[in-house]
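Asks: Quick one: the structure is below, and I'll ask about it shortly.
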Amino acid sequence: MGTQQPPPPDYNGDNMNNNNTLDEKSAKQKAIDDWLPINSSRSRKWWFSAFHNVTAMVGAGVLSLPYALSELGWGPGVFILVFSWIITLYTLWQMVEMHEMVPGKRFDRYHELGQYAFGEKLGLYIVVPQQLIVEVSLCIVYMVTGGQSLKKFHDTVCSSCKSIKLTYFIMIFATAEFVLSHLPNFDSISGVSLAAAVMSISYSTIAWSASLAKGVQEDVQYGYKATTTPGTVFGFLSGLGDVAFAYSGHNVVLEIQATIQSTPERPSKGPMWKGVVVAYIIIALCYFPVALIGYWMFGNSVKDNILISLEKPAWLIAMANMFVVVHVYAMPVFDMMETLLVKKLEFNPTRTLRFIVRNAYVAFTMFIGITFPFFGGLLGFFGGL
(Lines give C-alpha, C1' and ligand atoms only; values in the text may rest on other atoms or scores of the structure.)
Protein backbone atom coordinates (compact mmCIF):
# COMPACT_ATOMS: atom_id res chain seq x y z
CA MET A 1 0.00 0.00 0.00
CA GLY A 2 2.79 2.42 0.84
CA THR A 3 4.76 1.74 -2.34
CA GLN A 4 5.47 4.98 -4.30
CA GLN A 5 4.12 4.86 -7.85
CA PRO A 6 6.39 5.99 -10.68
CA PRO A 7 5.40 9.27 -12.36
CA PRO A 8 3.30 9.00 -15.50
CA PRO A 9 5.25 8.93 -18.79
CA ASP A 10 4.35 12.53 -19.66
CA TYR A 11 6.23 13.72 -16.59
CA ASN A 12 9.24 11.46 -16.97
CA GLY A 13 12.44 13.46 -16.88
CA ASP A 14 13.87 11.64 -19.91
CA ASN A 15 10.79 12.44 -21.96
CA MET A 16 11.03 16.09 -20.97
CA ASN A 17 14.64 16.17 -22.11
CA ASN A 18 13.66 14.49 -25.36
CA ASN A 19 10.90 17.04 -25.90
CA ASN A 20 13.32 19.89 -25.23
CA THR A 21 15.75 18.39 -27.74
CA LEU A 22 13.00 18.07 -30.36
CA ASP A 23 11.93 21.68 -29.72
CA GLU A 24 15.51 22.84 -30.16
CA LYS A 25 15.84 20.89 -33.41
CA SER A 26 12.55 22.30 -34.68
CA ALA A 27 13.60 25.83 -33.79
CA LYS A 28 16.97 25.33 -35.47
CA GLN A 29 15.28 23.89 -38.59
CA LYS A 30 12.86 26.83 -38.73
CA ALA A 31 15.77 29.28 -38.41
CA ILE A 32 17.53 27.57 -41.31
CA ASP A 33 14.37 27.60 -43.46
CA ASP A 34 13.86 31.30 -42.71
CA TRP A 35 17.48 31.98 -43.73
CA LEU A 36 17.26 30.15 -47.07
CA PRO A 37 16.30 32.25 -50.12
CA ILE A 38 13.19 30.42 -51.37
CA ASN A 39 10.74 29.94 -48.48
CA SER A 40 11.74 32.79 -46.21
CA SER A 41 8.73 34.87 -47.29
CA ARG A 42 5.20 33.93 -48.41
CA SER A 43 3.54 37.33 -48.57
CA ARG A 44 3.33 38.01 -52.31
CA LYS A 45 0.30 38.45 -54.59
CA TRP A 46 -0.54 37.45 -58.16
CA TRP A 47 1.20 40.42 -59.79
CA PHE A 48 4.53 39.26 -58.33
CA SER A 49 3.98 35.99 -60.14
CA ALA A 50 3.37 37.96 -63.33
CA PHE A 51 6.54 40.04 -63.40
CA HIS A 52 8.74 37.29 -61.94
CA ASN A 53 7.61 34.97 -64.76
CA VAL A 54 8.16 37.66 -67.39
CA THR A 55 11.66 38.26 -66.03
CA ALA A 56 12.40 34.53 -65.92
CA MET A 57 11.23 33.93 -69.50
CA VAL A 58 11.96 37.07 -71.53
CA GLY A 59 15.71 37.44 -71.56
CA ALA A 60 18.65 36.92 -73.85
CA GLY A 61 16.77 34.22 -75.76
CA VAL A 62 14.29 36.63 -77.35
CA LEU A 63 17.13 38.45 -79.12
CA SER A 64 18.14 35.26 -80.94
CA LEU A 65 14.66 34.34 -82.24
CA PRO A 66 15.02 36.05 -85.67
CA TYR A 67 18.29 34.13 -86.14
CA ALA A 68 16.54 30.93 -85.04
CA LEU A 69 13.86 31.49 -87.69
CA SER A 70 16.59 31.99 -90.30
CA GLU A 71 17.90 28.50 -89.46
CA LEU A 72 14.44 26.91 -89.28
CA GLY A 73 12.73 28.61 -92.22
CA TRP A 74 9.34 30.35 -92.34
CA GLY A 75 7.02 27.33 -92.08
CA PRO A 76 8.81 25.18 -89.49
CA GLY A 77 10.04 28.26 -87.61
CA VAL A 78 6.61 29.82 -87.07
CA PHE A 79 5.09 26.46 -86.13
CA ILE A 80 7.84 25.67 -83.60
CA LEU A 81 7.67 29.17 -82.12
CA VAL A 82 3.89 29.04 -81.56
CA PHE A 83 3.85 25.36 -80.51
CA SER A 84 6.59 26.04 -77.95
CA TRP A 85 4.51 28.86 -76.47
CA ILE A 86 1.47 26.56 -76.16
CA ILE A 87 3.28 23.51 -74.77
CA THR A 88 5.29 25.49 -72.22
CA LEU A 89 2.13 27.26 -71.02
CA TYR A 90 0.47 23.86 -70.58
CA THR A 91 3.40 22.35 -68.71
CA LEU A 92 3.65 25.47 -66.56
CA TRP A 93 -0.02 24.98 -65.62
CA GLN A 94 0.85 21.43 -64.58
CA MET A 95 3.64 22.72 -62.32
CA VAL A 96 1.31 25.27 -60.71
CA GLU A 97 -1.24 22.54 -59.97
CA MET A 98 1.38 20.16 -58.55
CA HIS A 99 2.81 22.74 -56.14
CA GLU A 100 0.17 21.84 -53.54
CA MET A 101 -1.17 18.53 -54.81
CA VAL A 102 -0.41 16.86 -51.44
CA PRO A 103 -2.70 18.31 -48.71
CA GLY A 104 -0.78 20.25 -46.10
CA LYS A 105 2.49 20.28 -48.06
CA ARG A 106 4.05 22.68 -50.55
CA PHE A 107 6.69 21.65 -53.07
CA ASP A 108 8.78 24.83 -53.03
CA ARG A 109 11.64 23.40 -55.08
CA TYR A 110 11.90 21.17 -58.14
CA HIS A 111 13.96 18.53 -56.39
CA GLU A 112 11.33 18.18 -53.65
CA LEU A 113 8.69 17.42 -56.27
CA GLY A 114 11.14 15.06 -57.99
CA GLN A 115 11.80 13.22 -54.74
CA TYR A 116 8.06 12.81 -54.15
CA ALA A 117 7.59 11.42 -57.67
CA PHE A 118 10.69 9.22 -58.04
CA GLY A 119 11.96 8.59 -54.53
CA GLU A 120 14.39 10.25 -52.12
CA LYS A 121 17.60 9.54 -54.07
CA LEU A 122 16.42 8.91 -57.64
CA GLY A 123 14.44 12.15 -57.63
CA LEU A 124 17.60 14.12 -56.89
CA TYR A 125 19.58 12.31 -59.61
CA ILE A 126 16.88 12.97 -62.21
CA VAL A 127 15.93 16.56 -61.38
CA VAL A 128 18.98 18.36 -59.99
CA PRO A 129 21.38 17.89 -62.96
CA GLN A 130 18.75 19.05 -65.47
CA GLN A 131 17.77 22.05 -63.37
CA LEU A 132 21.38 23.06 -62.86
CA ILE A 133 22.09 22.83 -66.61
CA VAL A 134 19.24 25.26 -67.31
CA GLU A 135 19.97 27.71 -64.50
CA VAL A 136 23.77 27.80 -64.78
CA SER A 137 23.59 28.11 -68.56
CA LEU A 138 21.17 31.03 -68.19
CA CYS A 139 23.62 32.80 -65.90
CA ILE A 140 26.52 32.18 -68.30
CA VAL A 141 24.57 33.44 -71.31
CA TYR A 142 23.45 36.53 -69.38
CA MET A 143 27.12 37.22 -68.63
CA VAL A 144 27.91 37.12 -72.35
CA THR A 145 24.85 39.05 -73.53
CA GLY A 146 25.32 41.62 -70.74
CA GLY A 147 28.91 42.17 -71.85
CA GLN A 148 27.92 42.32 -75.52
CA SER A 149 25.18 44.84 -74.75
CA LEU A 150 27.57 47.07 -72.81
CA LYS A 151 30.07 46.88 -75.66
CA LYS A 152 27.38 47.70 -78.23
CA PHE A 153 26.27 50.64 -76.07
CA HIS A 154 29.86 51.92 -75.87
CA ASP A 155 30.47 51.50 -79.60
CA THR A 156 27.17 53.17 -80.50
CA VAL A 157 27.48 56.15 -78.16
CA CYS A 158 31.19 56.71 -78.85
CA SER A 159 31.89 55.37 -82.33
CA SER A 160 35.20 57.26 -82.51
CA CYS A 161 36.51 55.86 -79.22
CA LYS A 162 39.15 53.18 -79.00
CA SER A 163 37.72 49.68 -79.28
CA ILE A 164 37.64 47.73 -76.01
CA LYS A 165 37.66 43.94 -75.81
CA LEU A 166 34.44 42.11 -74.99
CA THR A 167 36.24 40.45 -72.04
CA TYR A 168 36.40 43.73 -70.14
CA PHE A 169 32.71 44.46 -70.69
CA ILE A 170 31.80 41.01 -69.36
CA MET A 171 33.88 41.82 -66.26
CA ILE A 172 32.10 45.17 -65.87
CA PHE A 173 28.74 43.43 -66.10
CA ALA A 174 29.91 40.82 -63.56
CA THR A 175 30.71 43.63 -61.11
CA ALA A 176 27.00 44.48 -60.93
CA GLU A 177 26.21 40.78 -60.57
CA PHE A 178 28.57 40.50 -57.59
CA VAL A 179 26.59 43.24 -55.83
CA LEU A 180 23.08 42.07 -56.76
CA SER A 181 23.82 38.45 -55.90
CA HIS A 182 23.87 39.34 -52.21
CA LEU A 183 20.19 40.26 -52.09
CA PRO A 184 19.11 37.47 -49.72
CA ASN A 185 15.91 36.05 -51.24
CA PHE A 186 13.17 36.30 -53.89
CA ASP A 187 11.34 38.88 -51.80
CA SER A 188 14.34 41.21 -51.77
CA ILE A 189 14.86 41.02 -55.54
CA SER A 190 11.26 42.00 -56.31
CA GLY A 191 12.31 45.54 -57.26
CA VAL A 192 15.13 44.29 -59.47
CA SER A 193 12.82 41.69 -61.03
CA LEU A 194 10.14 44.30 -61.76
CA ALA A 195 12.75 46.56 -63.36
CA ALA A 196 14.05 43.62 -65.40
CA ALA A 197 10.51 42.77 -66.57
CA VAL A 198 9.94 46.37 -67.70
CA MET A 199 13.33 46.41 -69.41
CA SER A 200 12.60 43.07 -71.14
CA ILE A 201 9.41 44.48 -72.63
CA SER A 202 11.25 47.67 -73.55
CA TYR A 203 14.16 46.14 -75.45
CA SER A 204 11.88 43.61 -77.15
CA THR A 205 9.68 46.48 -78.37
CA ILE A 206 12.71 48.48 -79.49
CA ALA A 207 14.09 45.42 -81.34
CA TRP A 208 11.01 44.83 -83.48
CA SER A 209 10.03 48.49 -83.93
CA ALA A 210 13.56 49.51 -84.98
CA SER A 211 13.68 46.53 -87.37
CA LEU A 212 10.35 47.58 -88.87
CA ALA A 213 11.54 51.17 -89.21
CA LYS A 214 14.69 49.99 -90.98
CA GLY A 215 12.57 48.13 -93.54
CA VAL A 216 13.23 45.07 -95.65
CA GLN A 217 16.90 44.99 -96.63
CA GLU A 218 18.07 44.90 -100.24
CA ASP A 219 18.62 41.43 -101.70
CA VAL A 220 17.03 39.85 -98.62
CA GLN A 221 16.91 36.05 -98.78
CA TYR A 222 14.81 33.67 -96.71
CA GLY A 223 16.35 30.35 -97.74
CA TYR A 224 18.73 28.34 -95.59
CA LYS A 225 22.12 29.98 -95.33
CA ALA A 226 24.06 26.70 -95.27
CA THR A 227 25.01 25.35 -98.68
CA THR A 228 25.32 21.69 -97.69
CA THR A 229 22.81 19.21 -96.29
CA PRO A 230 24.81 18.54 -93.08
CA GLY A 231 25.16 22.29 -92.54
CA THR A 232 21.42 22.81 -93.00
CA VAL A 233 20.59 19.96 -90.59
CA PHE A 234 22.98 21.24 -87.91
CA GLY A 235 21.66 24.77 -88.40
CA PHE A 236 18.08 23.49 -88.00
CA LEU A 237 19.00 21.71 -84.77
CA SER A 238 20.78 24.83 -83.52
CA GLY A 239 17.63 26.84 -84.28
CA LEU A 240 15.60 24.37 -82.21
CA GLY A 241 18.08 24.91 -79.38
CA ASP A 242 17.70 28.69 -79.64
CA VAL A 243 13.90 28.43 -79.36
CA ALA A 244 14.17 25.98 -76.46
CA PHE A 245 16.50 28.36 -74.65
CA ALA A 246 14.07 31.24 -75.18
CA TYR A 247 11.39 29.24 -73.37
CA SER A 248 13.60 28.08 -70.50
CA GLY A 249 12.01 30.19 -67.75
CA HIS A 250 10.24 27.23 -66.13
CA ASN A 251 13.27 26.62 -63.93
CA VAL A 252 11.88 28.98 -61.26
CA VAL A 253 8.12 28.31 -61.39
CA LEU A 254 7.86 26.40 -58.10
CA GLU A 255 10.19 28.84 -56.38
CA ILE A 256 8.08 31.80 -57.54
CA GLN A 257 4.89 30.14 -56.31
CA ALA A 258 6.57 29.50 -52.95
CA THR A 259 6.50 33.27 -52.30
CA ILE A 260 2.68 33.48 -52.58
CA GLN A 261 0.30 33.22 -49.63
CA SER A 262 -1.80 30.06 -49.42
CA THR A 263 -4.75 28.97 -47.28
CA PRO A 264 -7.13 25.97 -47.61
CA GLU A 265 -9.80 28.36 -48.87
CA ARG A 266 -7.48 30.21 -51.25
CA PRO A 267 -4.56 28.00 -52.36
CA SER A 268 -1.57 29.63 -54.01
CA LYS A 269 -2.36 28.10 -57.42
CA GLY A 270 -5.17 30.66 -57.95
CA PRO A 271 -3.11 33.86 -57.85
CA MET A 272 -0.10 32.07 -59.34
CA TRP A 273 -2.03 30.98 -62.43
CA LYS A 274 -3.57 34.45 -62.81
CA GLY A 275 -0.05 35.92 -62.87
CA VAL A 276 1.12 33.25 -65.32
CA VAL A 277 -1.65 34.06 -67.80
CA VAL A 278 -0.78 37.77 -67.70
CA ALA A 279 2.92 36.92 -68.05
CA TYR A 280 2.35 34.66 -71.07
CA ILE A 281 0.34 37.31 -72.88
CA ILE A 282 3.27 39.69 -72.37
CA ILE A 283 5.71 36.97 -73.49
CA ALA A 284 3.75 36.48 -76.72
CA LEU A 285 3.77 40.24 -77.35
CA CYS A 286 7.55 40.21 -76.90
CA TYR A 287 8.52 37.02 -78.73
CA PHE A 288 6.34 36.88 -81.83
CA PRO A 289 6.92 40.43 -83.17
CA VAL A 290 10.69 40.24 -82.54
CA ALA A 291 11.03 36.87 -84.26
CA LEU A 292 8.73 37.49 -87.24
CA ILE A 293 9.59 41.12 -87.99
CA GLY A 294 13.33 40.62 -87.38
CA TYR A 295 13.49 37.70 -89.82
CA TRP A 296 11.20 39.46 -92.32
CA MET A 297 13.45 42.54 -92.43
CA PHE A 298 16.90 40.88 -92.48
CA GLY A 299 16.29 37.36 -93.79
CA ASN A 300 19.08 34.84 -93.30
CA SER A 301 21.67 37.62 -92.90
CA VAL A 302 20.31 38.54 -89.45
CA LYS A 303 22.85 38.38 -86.61
CA ASP A 304 22.48 35.93 -83.70
CA ASN A 305 21.61 38.97 -81.53
CA ILE A 306 19.06 41.16 -83.33
CA LEU A 307 20.30 44.31 -81.59
CA ILE A 308 23.71 43.87 -83.25
CA SER A 309 22.00 43.93 -86.67
CA LEU A 310 20.49 47.31 -85.82
CA GLU A 311 22.61 50.46 -86.04
CA LYS A 312 20.13 53.35 -86.23
CA PRO A 313 18.66 55.30 -84.60
CA ALA A 314 21.79 55.20 -82.47
CA TRP A 315 20.20 56.58 -79.28
CA LEU A 316 17.41 53.99 -79.41
CA ILE A 317 19.74 51.05 -79.99
CA ALA A 318 22.06 52.27 -77.23
CA MET A 319 19.08 52.46 -74.87
CA ALA A 320 17.93 48.96 -75.80
CA ASN A 321 21.36 47.52 -75.11
CA MET A 322 21.42 49.14 -71.69
CA PHE A 323 17.99 47.65 -70.95
CA VAL A 324 19.34 44.16 -71.69
CA VAL A 325 21.88 44.60 -68.89
CA VAL A 326 19.13 44.85 -66.24
CA HIS A 327 18.53 41.11 -65.91
CA VAL A 328 19.38 38.94 -62.90
CA TYR A 329 18.25 35.38 -62.08
CA ALA A 330 20.41 32.99 -60.05
CA MET A 331 18.38 32.75 -56.83
CA PRO A 332 17.37 29.06 -57.22
CA VAL A 333 21.04 28.08 -57.66
CA PHE A 334 21.96 30.03 -54.52
CA ASP A 335 19.16 28.28 -52.66
CA MET A 336 20.35 24.87 -53.84
CA MET A 337 23.97 25.49 -52.82
CA GLU A 338 23.07 27.03 -49.48
CA THR A 339 20.60 24.23 -48.68
CA LEU A 340 23.31 21.65 -49.37
CA LEU A 341 25.82 23.45 -47.17
CA VAL A 342 23.62 24.17 -44.14
CA LYS A 343 21.37 21.08 -44.15
CA LYS A 344 23.60 18.29 -45.47
CA LEU A 345 27.09 19.50 -44.60
CA GLU A 346 25.86 21.33 -41.45
CA PHE A 347 27.60 24.66 -42.01
CA ASN A 348 26.27 27.51 -39.90
CA PRO A 349 23.90 29.79 -41.89
CA THR A 350 25.96 32.98 -41.73
CA ARG A 351 26.54 36.04 -43.88
CA THR A 352 30.13 34.94 -44.39
CA LEU A 353 29.02 31.61 -45.88
CA ARG A 354 26.58 33.37 -48.19
CA PHE A 355 29.22 35.94 -49.21
CA ILE A 356 31.77 33.25 -50.15
CA VAL A 357 29.32 30.93 -51.94
CA ARG A 358 27.63 33.57 -54.05
CA ASN A 359 30.82 35.38 -55.02
CA ALA A 360 32.38 32.07 -56.04
CA TYR A 361 29.37 31.25 -58.24
CA VAL A 362 29.34 34.65 -59.97
CA ALA A 363 33.11 34.38 -60.53
CA PHE A 364 32.62 30.92 -62.09
CA THR A 365 29.94 32.10 -64.53
CA MET A 366 32.04 35.16 -65.40
CA PHE A 367 35.06 32.94 -66.13
CA ILE A 368 33.03 30.64 -68.43
CA GLY A 369 31.46 33.64 -70.15
CA ILE A 370 34.89 35.16 -70.81
CA THR A 371 36.29 31.84 -72.00
CA PHE A 372 33.39 31.14 -74.42
CA PRO A 373 31.96 34.53 -75.45
CA PHE A 374 29.91 33.16 -78.36
CA PHE A 375 26.30 34.23 -77.88
CA GLY A 376 24.64 32.22 -80.64
CA GLY A 377 26.72 29.10 -80.06
CA LEU A 378 26.01 29.14 -76.32
CA LEU A 379 22.26 29.53 -76.87
CA GLY A 380 22.12 26.66 -79.35
CA PHE A 381 24.32 24.43 -77.17
CA PHE A 382 22.56 25.02 -73.86
CA GLY A 383 19.13 25.06 -75.53
CA GLY A 384 19.92 21.65 -77.01
CA LEU A 385 20.88 20.34 -73.58
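Asks: Check which residues have an amide H placed less than 5 Å from R44's amide H, if you skip close sequence neighbours.
Replies: I260, Q261
Asks: For the stretch 43-384, calculate the relative contact order in percent as a whole number, restricting contacts to Cα pairs under 8 Å that are 6 or more residues apart.
Replies: 41
Asks: Please get the size of the charge dipole for the stretch 131-285, origin at its Cα centre, with Cβ charges of +1 on Lys and Arg and -1 on Asp and Glu, quoted in debye to the nearest 20.
Replies: Here the size comes out at about 180 debye.
Asks: Just list whichever of K30/K105; K30/K269; K45/K274; K121/K344; K165/K214 have alpha carbons separated by over 19 Å in the model shown.
Replies: Numbers: K30/K105 15 Å; K30/K269 24 Å; K45/K274 10 Å; K121/K344 14 Å; K165/K214 28 Å.
In this structure, K30/K269; K165/K214 lie more than 19 Å apart at Cα.
Asks: Evaluate the distance, in nm, between pseudo-label points positioned 7 Å from the Cα of V198 and of S159 along their respective Cα→Cβ axes.
Replies: Simple spin-label model gives 3.1 nm for this pair.
Asks: When the chain is fully extended, how far beyond the present Cα-Cα distance does Q29 get from A176, taking 0.36 nm per residue of separation?
Replies: 49.7 nm
Asks: Using a probe radius of 1.4 Å on heavy atoms only, what accessible surface per residue do you get for the stretch 43-384? Whole Å² is fine.
Replies: Each residue of the stretch 43-384 exposes 45 Å² on average to a 1.4 Å probe.
Asks: Taking every pair of distinct Cα atoms and averaging 1/r, then inverting, what Kirkwood hydrodynamic radius in Å comes out for the stretch 43-384?
Replies: 20.8
Asks: What does the C-alpha gyration tensor say about the overall shape of the stretch 132-218? Classify as rounded when a/c is under 1.5, otherwise prolate if a/b is larger than b/c, or oblate.
Replies: Oblate.
Asks: Would you mind classifying the stretch 221-277 by shape? Square roots of the alpha carbon gyration tensor eigenvalues, ordered a ≥ b ≥ c; an a/c under 1.5 is rounded, otherwise it is prolate if a/b is larger than b/c and oblate if not. Please list the in-between numbers first.
Replies: Values: a/c = 6.61, a/b = 4.21, b/c = 1.57.
It is prolate, given that a/c is not under 1.5 and a/b is the larger ratio.
Asks: Hey, if you put +1 on the Cβ of every Lys and Arg and -1 on every Asp and Glu Cβ in the stretch 43-384, which of G231, S149, Y295 ends up farthest toward the positive end of that dipole?
Replies: Towards the positive end, the residue furthest out is S149.
Asks: Would you kindly derive the ³J(HN,Hα) couplings of the stretch 331-341 from the backbone phi angles with the Karplus curve 6.51 cos²θ - 1.76 cosθ + 1.60 (θ = phi - 60°), listing them in order in whole Hz, with x for Gly and Pro?
Replies: Per-residue couplings from phi come out as 4, x, 5, 4, 4, 5, 5, 5, 4, 4, 5 Hz.
Asks: Something else now. Go through the stretch 213-221 residue by residue and turn each phi into a ³J(HN,Hα) via Karplus (6.51, -1.76, 1.60, θ = phi - 60°); whole Hz please, and just put x for glycine and proline.
Replies: 5, 6, x, 5, 6, 5, 6, 5, 10
Asks: Output ³J(HN,Hα) for the stretch 268-281: one whole-Hz value per residue in order, computed from phi by the Karplus curve 6.51 cos²θ - 1.76 cosθ + 1.60 with θ = phi - 60°, and x for Gly and Pro.
Replies: 5, 5, x, x, 4, 5, 4, x, 5, 4, 4, 4, 6, 5
The values are calculated or read from the model by the stated rules, or taken from the named source; none is laboratory data. Small disclaimer: the values here were computed from a predicted structure and weren't measured. Note that we place each Cβ from the backbone using ideal geometry, even for glycine, and neighbour counts take in every protein chain shown. Heavy atoms of the whole protein, side chains included, go into the accessibility calculation; ligands, DNA and RNA do not. Shrake-Rupley method; radii C 1.70, N 1.55, O 1.52, S 1.80 Å.
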